[in-house]
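To keep things clear, I will list the structure first and then write my remarks on it.
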């Protein structure tokens, strides 16, 4: 599909244009099978849990050992 872009705004307003990548359904199915297989301890990737009131602080001062954080409302 064609995309029209205002080059003036892109340049002078320093806009950023990014494309998005998607995965084909067969790749998603393969990934879900792998995730469900138990072959990797995925729960170890979530190293921190924060409430909604802790999100701003976590983003401002992320701990050194932060891999992923779960936001628990």
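The values are calculated or read from the model by the stated rules, or taken from the named source; none is laboratory data. Quick caveat, the model's predicted, so the values are computed rather than measured. So basically every Cβ, Gly included, is an ideal-geometry build from the backbone, and we count neighbours across all protein chains shown.
Evaluation of residue 6 against the conditions (1) modelled with pLDDT under 95; (2) in contact with a helix residue (DSSP H, G or I) (Cβ under 7 Å, 6 or more places away or on another chain); (3) surrounded by 10 or more Cβ atoms within 10 Å (Cβ to Cβ) shows that the sole unmet condition is (2). Cβ-Cβ distances below 7 Å connect the following pairs, each with a first residue in the range 9-22 that is without any contact (Cβ under 8 Å) to a residue 24 or more places away in the chain, a second residue that is surrounded by 10 or more Cβ atoms within 10 Å (Cβ to Cβ) and in a loop (DSSP other than H, G, I, E, B), and a separation of six or more residues or different chains: 9/15.
Look through 47, 30 and report the one residue that is without any contact (Cβ under 8 Å) to a residue 60 or more places away in the chain and over 21 Å from residue 70 (Cβ atoms).
30
Residues of the range 37-65 being at pLDDT 95 or above and touching a helix residue (DSSP H, G or I) at 6+ places or on another chain (Cβ under 9 Å), which ones? Listed by number, the residues that qualify are 48, 50. Counting only helices (runs of 4 or more DSSP H) that sit completely within the chain, those holding 2 or more residues that are over 18 Å from the mean Cα position of the chain (by Cα) correspond to 7-12, 25-37.
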